[in-house]
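What follows is a single structure, written as structure tokens, with notes after it.
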Amino acid sequence: MDVLSVDLKDRGYNIYIDKGLLRNIDDILLECGIDDNIFIISDRNVAKHYLDILLSKLNTKVTGYCILEPGEQSKSIDTAKKVYEKMLEAGCNRKTTLISLGGGVVGDLTGFVAATFMRGIDFVQIPTTLLSQVDSSIGGKVGVNFKNYKNIIGSFYQPKGVIIDTETLKTLDEREIINGLGEVFKYGLIMDYDFFLWLNDNLNSILKLENNYIMNIVKKSLNIKKIIVQKDEKESNIRKVLNFGHTIGHGIETLDDFNTFKHGEAVVLGMMLESLISTEMRLIDRKYYIEIIDSLSRLVSPVKFSAFEQKQIMNAIKHDKKNEKGKIVLVLPIGKGRVNIYNNVDEKLIEKSLKDGVVI
């Protein structure tokens, strides 16, 4: 078992990574300082695979659980209200520890509930998707969507621990694996060009879920994010580079009420378009731009958006929480494995990229 320590100013925690960790969940929770008074939050798809394992291992330590409907629509204030009601019925109090068993939606919602219930209680992340294992389960960003705006209500609230069992990925289809790989490729493009090349060379083995390759991408991705988060927990500076592809990507994700593209797919498309903008601004040369597009196209095919979709995406971009003083903030590539933050990008250039699409 690999253990990564995330050291923050006010609160640190450990990330446990290995195959089959759910079979030792009781021992790991004890190591995290959690012995009883546990409430589990999961979704219907994940619960049918893993809830019974947790209940059998933790036995009388679990006071109750809440099972959500899968999908982005569950990441809402209304769903949080239902969880609060279930917790009160179960007698949860300030000593209760929440366990998030699921992907990014469950993790973000559980963290939000933990941050707000009785002014804050402990929670543990058990991410079961590649996306949540390499990205959303660490860093302390928790929240819900509101009125078609992504993560617009939330907080920074760190977990008590993160337990990553790579065996849970076996229940995922290829589209869900690609959903996670969008964030993995992002790490290479923002900080480690050699990792980006390695991902290209080994994509087939990764898609086959060969354990050595999966362990490598999980550990490598988390190490990169850990370095950044430890320097800037509240996203006041360097942590913003983690948003490469996300400004436009979040806009794309809102299409059809979050039903057209998964988060990682939207981020891939966002990275393509933000790389195009970078090329138009002469921040990167055409050769590197083509390399990025060729690579990302192996995950998600480029898309051309209708006039109606362009308008909806731009509206979401203009209301993005990362914007500063009314200006859209974009993270743009400036070299191989390097990006920078810009708040002076002409809106017409963004609109043009959505209209014309990725061109090679």
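Computed over neighbours whose Cβ is under 13 Å from that of residue 308, the net charge equals +1, Lys and Arg +1, Asp and Glu -1. Helix 263-280 axis versus longest C-alpha principal axis of the chain: approximately 30°, rounded to the nearest ten. For the peptides 287-300, 257-270, the ranking by packing is 257-270, 287-300, with the highest mean count of neighbouring Cβ atoms within 10 Å listed first.
Computed from Cα atoms, the angle from the helix 286-296 axis to the main principal axis of the chain rounds to 40 degrees.
A 1.4 Å probe run over the protein chains yields, for the range 2-169, 40 Å² of accessible area per residue, whole-number rounding. Computing FRET efficiency as 1/(1 + (r/R0)^6) for residue 238 and residue 306, where r is the C-beta to C-beta distance and R0 is 25 Å, gives about 0.10.
Taking a point 7 Å from the Cα of residue 359 along the Cα-to-Cβ direction, the residues of the range 259-284 with backbone N closer than 19 Å to it are 270-284. Remark: the residue 260-residue 281 segment gains 4.6 nm on full extension, using 0.36 nm per residue and subtracting the alpha carbon distance. The smallest convex shape that holds all Cα atoms of the range 174-356, its convex hull, gives 110 Å³ per residue.
Restricting the calculation to alpha carbons of the range 2-169 gives Rg and Dmax of 14.3, 41 angstrom.
Across the range 105-111, coupling constants 3J(HN,Hα) worked out from phi with the 6.51/-1.76/1.60 Karplus curve, θ = phi - 60°, read 4, 5, x, 5, 5, 4, x Hz, and Gly and Pro carry x. Simple spin-label estimate for residue 35 and residue 48 gives 3.8 nm between the two label positions (7 Å along the Cα-to-Cβ direction from each Cα). Rolling a 1.4 Å probe over the protein heavy atoms gives the range 174-356 an accessible area of 43 Å² per residue.
Mean sequence separation of contacting Cα pairs (under 8 Å, at least six apart), scaled by the length of the chain, corresponds to a relative contact order of 14 percent.
Pairs over the 25 Å Cα-Cα cut-off, from the set 220/321; 141/304; 81/318; 82/325; 19/220; 86/262: 220/321; 141/304; 81/318; 82/325; 86/262. Ellipsoid fit via the Cα gyration tensor, the range 307-360: semi-axes of 20, 17, 8 Å, each the root of five times an eigenvalue, largest first.
What residues of the range 250-284 lie in the reach of a label at residue 346, counting those whose backbone N is under 20 Å from a point 7 Å from the Cα along Cα→Cβ? Those under the cut-off are 273-284.
Taking only C-alpha pairs under 8 Å that are 6+ residues apart, what is the relative contact order of the range 1-132 in percent? In percent, rounded to a whole number, it is 22.
The values are calculated or read from the model by the stated rules, or taken from the named source; none is laboratory data. From a predicted model like this one, the values you see are computed outputs, not experimental measurements. When we count neighbours, we look across all protein chains shown, and the Cβ atoms used for this are built from the backbone with ideal geometry, even at glycine. In case anyone asks, the SASA skips ligands and DNA or RNA and just uses the protein heavy atoms, side chains included. Shrake-Rupley method; radii C 1.70, N 1.55, O 1.52, S 1.80 Å.
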